[in-house]
Amino acid sequence: MRLWLLLILAGSAFLLVREVQTRPIPRPPGVLAPHAPFQAPLTPGSRVRSEKPGYCFGPVAHFALEARVLSKCLYRYDAAAPIAPVDLALGWGPMSDSAVLARLQLWQADRFYFYAWQGEPPIPREQIVLNSANMRLVPADNALRARLERLRPGNLVHIQGFLVDVMGPRGFFWKTSTVRHDTGTGACEVVWVAGLEVR
């Protein structure tokens, strides 16, 4: 009987921790991340050091952004899970404003990010596209991986690294987006994460 009680308590504790880790962080109305992502041409000698056997990472541009986490999706079993276990839907400008987000439904699936609304959108659709994106994150090491996996919707993040194209086993290939106005297949940024600050 004691074993069953311990199992029930352990299961309850696990569910409580998981619920806290996924619960959105409330933020007041107002733009919290005002600037668009920063992107710059590569400097001579730019490269990424890979400790991910079988994959080749080709830097395309220097990349940095401050953004609000709109949604997080963990991947364990798809072809990219060994290198990119976390996708974040990120918002900046008006898409970091709680007043705007309260009128949108946001979700992720199959390495994409989706949004919907009822009635009129809170801001023009073009502004939603320009000020948010699904980003496929390739952590440079296991410590960064763990920190990315602990993020919650509502966190404000500052990410530094590179946009990268990726080649891998059995014909795997990801080409990163390099613009903010695209949508659909090919519109996701693939980000080699070398630095992460969270608040």
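Just so it is clear, none of the values below were taken in a lab; they were calculated from the coordinates. The shown structure was predicted, so the numbers you read here are calculated from the model rather than taken from an experiment. With ideal geometry, Cβ positions are generated from the backbone for all residues, glycine too; neighbour counts draw on all protein chains shown.
What are the residues in the stretch 50-78 that are in a loop (DSSP other than H, G, I, E, B) and over 19 Å from LEU148 (Cα atoms), if any?
Within the stretch 50-78, PRO53, GLY54, TYR55 qualify.
What are the pairs with Cβ atoms under 9 angstrom where one residue, in the stretch 179-199, is closer than 16 Å to ASP87 by Cα and the other, located anywhere, is of a type in the set (Ser, Thr, Tyr) and assigned to a strand (DSSP E or B)? Sequence gap at least six, or different chains.
Pairs found: CYS188/TYR113.
What residue, among those in the stretch 126-169 that are polar (S, T, N, Q) and touching a residue at least 12 places away in the same chain (Cβ under 8 Å), is surrounded by the most Cβ atoms within 10 Å (Cβ to Cβ)?
Residues of the stretch 126-169 that are polar (S, T, N, Q), as a first pass: 127, 131-132, 134, 142, 155, 160.
After this cut, where a residue has to be touching a residue at least 12 places away in the same chain (Cβ under 8 Å) as well, the list is 127, 131-132, 134, 155, 160.
Values: GLN127: 15, ASN131: 23, SER132: 26, ASN134: 20, ASN155: 17, GLN160: 16.
Restricting to residues being polar (S, T, N, Q) and touching a residue at least 12 places away in the same chain (Cβ under 8 Å), the top hit is SER132.
Kindly establish whether ILE123 is within 17 Å of the chain's Cα centre (by Cα), of a type in the set (A, V, I, L, M, F, W, C) and surrounded by 14 or more Cβ atoms within 10 Å (Cβ to Cβ).
Spelling it out, it is not the case that ILE123 is within 17 Å of the chain's Cα centre (by Cα), of a type in the set (A, V, I, L, M, F, W, C) and surrounded by 14 or more Cβ atoms within 10 Å (Cβ to Cβ).
Within the bounds of the stretch 100-112, is there any residue that is free of Cβ contacts under 8 Å to residues at least 24 places away in the same chain and touching a strand residue (DSSP E or B) at 6+ places or on another chain (Cβ under 7 Å)?
Within the stretch 100-112, one or more residues are free of Cβ contacts under 8 Å to residues at least 24 places away in the same chain and touching a strand residue (DSSP E or B) at 6+ places or on another chain (Cβ under 7 Å).
Looking at SER46 and the list (1) under 25 Å from TRP107 (Cβ atoms); (2) surrounded by 12 or more Cβ atoms within 10 Å (Cβ to Cβ), which single condition is not satisfied?
Among (1) under 25 Å from TRP107 (Cβ atoms); (2) surrounded by 12 or more Cβ atoms within 10 Å (Cβ to Cβ), SER46 violates only (1).
Name the residues in the stretch 172-199 that are outside any strand (DSSP E or B) and loosely packed, with under 12 Cβ neighbours inside 10 Å, would you?
VAL179, HIS181, GLY184, THR185, GLY186, ARG199
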